[in-house]
Amino acid sequence: MIEQYSRAYWEERLAGLSLARGHFIDGRTQPAVSGRTFTRTRPMDGQPGAVLARGDAADVDRAVASARKAFASGAWRGRDPLEKKRIMLRWAELIRAHGEELALLETLDVGKPVQASLGVDVRLCAEGIQYYGEMIDKMYDEIAPTGPKARALVRKVPLGVVAAITPWNYPMIIDAWKLGPAIAAGNCVVLKPAEQSSLSALRLAELAVEAGLPAGVFNVVTGFGEEVGKPLALHADVDMVAFTGSTEVGRLIMSYAARSNLKRVALELGGKSPLVVFADADLDAAASAAAWGCFYNSGETCHAATRLLVQRPVQDALIEKIEAVVKREIVLAHPFEPEAQIGALIEAEHMDKVLGLVAAGEADGGRRVFGAERVLSETGGCYVSPGVVTDVTNDMRIARQEIFGPVLAAIAFDTEEEALAIANDTIYGLAGAVFTRDMDRAHRFSEGIHAGTVWINTYDMSNFATPFGGFKQSGFGRDRSVHAIDKYCDYKTIWQQFG
Ligand code: NAP
């Protein structure tokens, strides 16, 4: 049960925080080699936020050297698995114990309601570290069936130095999706968080060392994509890049790997996920799933259900119900207000992009039914109300481009074949959903949607036991679940001949 705190409580906690931070390299906080800094603007009110080290290739070199030294020493990978497990579990406990502080840092950076940061982001971050910590003493190697004259051990070994490059929408959760399996497998990590959301990553690194993780196993370099992410992904002493972000930057990451040392790449990229509602569906359940599936986190969710495909006879009824859910449940407010369900978008530039795509949707023939406009502008923050644009066809820009804001594009269909064709007519393949009371159709349709996750009569159910990631240009490689470990390991075969 998460405690509900007042706005004054969070304001007071914020007043006690120092927000000037360096990189975290080799177990300690360090300024940028160049001495440069940059200041984050708070999305909730447009005021100056954290002052961070502005990294470049020199800082990346330092962090990679620290990670390489820690890997070579064997101080982490060579340790007793039980002890490694205890350290990871202690780390997860420290994350929980510092939950309010982490939630506050996350909200300052990204503008989501602090109660959500605490109840969802901190909780799932700690769960992620715990999940992979618990795996450490349960991973076995293999002996191949080679016959009596020889023995071949098939060992699963860590890769070495892993670069993690992460986005700003769920910083702590996505960091844990990379850090948990990469570190549990024995690797050392250099994390480059998004320039907008570094604070939680830096605190996670401090807590890791407090839990007992040796210096150099987990480093954080803050700064901009071109200045930190690029040299990191090009670095000749990095063995893998685990990236979450846009498809556009994912493409660059692959090219950096190809141009440098052919390091491995795992990509979790964008989406334009369809939520398909047939006329026989439970419309109340579908409306609730469509509203929360698109508007949660202000739509800044890679698998947000931003395309609503609805069978024509129930289109108007469904949209009315979605509007009723928004009015009844989805309170947009300053992120410190206890009743806030959604808060600010990440920054003014992004807000303009979201509103621009709404305008493009209207110019292309769509009709804005409600919301999807800037609100609370007097606060100086970046707030856009949840809204629906209807009369959309799948060739319009609002149906094709990732919006990453609280805006649902509604597309009407007549037949199941047409719905499946529209659902799959996208470069993305991250997620999708189907709502129908006909279970034969539900299963047929869920098999037909070409996406990494498909929900039947629900949206956004998830837990650590299930892999998450995309098909097509939503990327490759999977986060979460026991399978996530595989991409941070390699197989090594050791032969021995007898007699
Ligand atoms: P982004 O612009 O692609 O940035 C992601 C990360 O890459 C940031 O740390 C960014 O640094 C860095 N970066 C930018 N340019 C780079 C370059 N040339 N070389 C190396 N690194 C570079 O994405 P975003 O706007 O932060 O996040 C939103 C995107 O993430 C959406 O497309 C969303 O769908 C996707 N996403 C996917 C998943 C998933 O699991 N599939 C989950 C969450 C988000 P800067 O911050 O300095 O730009």
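Could you calculate the contour length gain from residue 34 to residue 285, that is, 0.36 nm times the residue separation minus the distance between their Cα atoms, to one decimal place in nm?
Result for the pair: 84.9 nm of gain on full extension.
In vacuo Debye scattering of region 274-456, one point per C-alpha: log10 I(q)/I(0) at q = 0.13, 0.14, 0.19, 0.20 Å⁻¹?
-0.60, -0.70, -1.26, -1.38
So, in nm, how far is label residue 438 from label residue 69 when the simple model puts each one 7 Å beyond its Cα toward the Cβ?
Result: 6.6 nm between the two label points.
Principal axis extents for region 1-51, Cα atoms only, whole Å, descending order, please.
Principal-axis extents of region 1-51 (Cα, largest first): 41, 27, 17 Å.
Output the relative contact order of region 274-456, whole-number percent, from Cα pairs under 8 angstrom with separation of 6+ residues. List each step's numbers first, then the result.
On the way: 345 pairs, mean separation 49.6, N = 183.
Worked out over region 274-456, it gives 27 percent.
Please compute the Cα-Cα pair-distance distribution of region 368-499 with 10 Å bins starting at 0, giving whole percents from short to long.
Histogram of Cα-Cα distances, whole percents per bin: 10, 28, 30, 18, 8, 3, 2, 1, 0.
What's the carbon and sulfur percent of region 274-456's accessible surface, probe 1.4 angstrom, rounded to a whole number?
The computed percentage sits at 49.
Read phi for every residue in region 294-311 and hand back ³J(HN,Hα) as whole Hz from Karplus 6.51 cos²θ - 1.76 cosθ + 1.60, θ = phi - 60°, with x for Gly and Pro.
Values, residue by residue: 9, 9, 4, 6, 6, x, 8, 9, 4, 9, 3, 7, 8, 10, 9, 9, 10, 5 Hz.
With the dipole of the chain worked out from charges on the C-beta (+1 for Lys and Arg, -1 for Asp and Glu) around the Cα centre, which of 242, 266, 488 lies farthest toward the positive end?
Towards the positive end, the residue furthest out is 488.
Hey, can you grab everything whose amide H is under 5 Å from the amide H of residue 413? Only 5+ residues off in sequence or another chain; H modelled, so Pro and N-termini drop out.
310, 311, 312
Using the alpha-carbon centroid of each, what span in Å lies between region 84-127 and region 373-389?
So the two Cα centres are separated by 27 Å.
Hey, could you grab the Kirkwood Rh for region 154-194? Inverse mean 1/r over distinct alpha carbon pairs, Å, one decimal.
One decimal place: 10.7 Å for the Kirkwood radius.
Can you compute the helix-only [θ] at 222 nm over the chain? Use -39500 (n - 2.57) per DSSP H run of at least 4 residues, normalise by all residues, nearest 500 deg cm²/dmol. Each step should come with its number before you reach the end.
Working: 15 runs with 180 residues, N = 499.
Using -39500 (n - 2.57) per qualifying helix, the result is -11000 deg cm²/dmol.
For the chain, with every protein chain kept in place, what is the accessible area per residue (1.4 Å probe, Å²)?
Here the per-residue accessible area is 39 Å².
At what distance in angstrom do the alpha carbon centres of region 1-49 and region 256-314 lie from each other?
31
Taking R0 as 30 Å, what FRET efficiency do you get between residue 329 and residue 254 from their Cβ-Cβ distance, rounded to the nearest 0.05? Write down the numbers at each step before the final one.
Details: r = 41 Å, r/R0 = 1.35.
Working from the Cβ atoms, E equals 0.15.
Per residue of region 89-103, in order, report the coupling 6.51 cos²θ - 1.76 cosθ + 1.60 (Karplus, θ = phi - 60°) as ³J(HN,Hα) in whole Hz, putting x for Gly and Pro.
With the stated coefficients, region 89-103 comes to 5, 5, 4, 4, 5, 5, 4, 5, 5, 9, x, 5, 5, 4, 4 Hz.
Filter 85/112; 112/178; 69/156 down to the pairs with a C-alpha to C-alpha distance above 29 Å, please.
85/112
Please provide three numbers in whole Å: the alpha-carbon extents of region 389-460 along the principal axes, with the largest listed first.
Projected onto its principal axes, the Cα set of region 389-460 covers 33, 25, 20 Å.
Assign unit charges at the C-beta atoms only (+1 for Lys and Arg, -1 for Asp and Glu), then state the dipole size of region 274-456 relative to its Cα centre in Debye, rounded to the nearest 20.
Dipole of region 274-456, to the nearest 20 debye: 80 debye.
Short version: what are the Cα gyration tensor semi-axes of region 1-120, square root of 5 times each eigenvalue, largest first, in whole Å?
30, 24, 9
Under 19 Å from the 7 Å Cα→Cβ point of residue 155, by amide nitrogen: which residues of region 471-492?
Output list for this probe position: 486-492.
Would you mind putting 249-258, 447-456 in packing order, based on average other-beta-carbon counts within 10 Å, highest first? Walk me through the intermediate numbers first.
On the way: 249-258: 17.4, 447-456: 19.6.
Put in order of decreasing packing, that is 447-456, 249-258.
Take every Cα-Cα distance within region 76-134, group them into 5 Å bins from 0 onward, and report for each bin the whole-number percent of pairs it holds.
Going out from 0 Å in 5 Å bins, region 76-134 shows 4, 21, 24, 18, 13, 9, 7, 3, 0 percent.
May I have the pair-distance distribution P(r) for region 104-207, computed from all Cα-Cα distances with 10 Å bins from 0 and rounded to whole percent?
14, 39, 24, 12, 7, 3, 0
Non-local amide H neighbours of residue 42 (under 5 Å, H modeled in plane, Pro and chain starts lacking H): which ones?
47, 49
Using unit Cβ charges (K, R positive; D, E negative) and no other charged atoms, how large, in debye to the nearest 20, is the dipole of the chain about its Cα centre?
That gives the chain a dipole magnitude of about 2060 debye.
What percent does the relative contact order of the chain come to when contacts are Cα pairs within less than 8 Å and at least six residues apart?
Numbers: 1158 pairs, mean separation 89.0, N = 499.
That works out to 18 percent.
Can you give me the convex hull volume of the Cα atoms of region 167-281, divided per residue and expressed in Å³?
142
Once the piece of chain linking residue 352 and residue 496 is laid out straight, how much longer is it, given 0.36 nm per residue of separation minus the C-alpha distance between them?
45.5 nm
Quick one: if the Förster radius is 30 Å, what FRET efficiency do residue 483 and residue 312 give, using the C-beta to C-beta distance and rounding to 0.05?
Plugging the Cβ-Cβ distance into 1/(1 + (r/R0)^6) gives 0.15.
Per-residue counts of other Cβ atoms within 10 Å, averaged by peptide: what ranking do you get for 179-188, 479-488, highest first?
Packing order, densest peptide first, comes out as 179-188, 479-488.
Full-extension gain between residue 96 and residue 47, please, as 0.36 nm times their residue separation minus the C-alpha to C-alpha distance.
Gain on stretching residue 96 to residue 47: 14.8 nm.
For the chain, list log₁₀ I(q)/I(0) at each q in 0.06, 0.10, 0.11 Å⁻¹, using the Debye formula over Cα point scatterers of equal strength and ignoring solvent, two decimals each.
Those come out to -0.28, -0.77, -0.92, one per q.
Can you check how the C-alpha radius of gyration of region 400-442 compares to 2.2 N^0.38 Å, as a plain ratio?
Details: Rg = 12.1 Å, N = 43, 2.2 N^0.38 = 9.2 Å.
Ratio of Rg to 2.2 N^0.38 Å for region 400-442: 1.31.
Taking the simple approach of a point 7 Å from Cα along Cα-to-Cβ for both residue 425 and residue 458, what is their distance in nm?
3.1
Once you charge only the Cβ atoms, +1 for Lys and Arg and -1 for Asp and Glu, what is the size of the charge dipole of region 211-267 about its Cα centre, to the nearest 20 debye?
My answer is approximately 160 debye.
The values are calculated or read from the model by the stated rules, or taken from the named source; none is laboratory data. Because the structure is a prediction, the values reported are computed rather than measured. In this analysis, Cβ positions are derived from the backbone assuming ideal geometry, glycine residues included, and neighbour counts consider all displayed protein chains. For accessibility, only protein heavy atoms count, side chains too; no ligands or nucleic acids. Shrake-Rupley method; radii C 1.70, N 1.55, O 1.52, S 1.80 Å.
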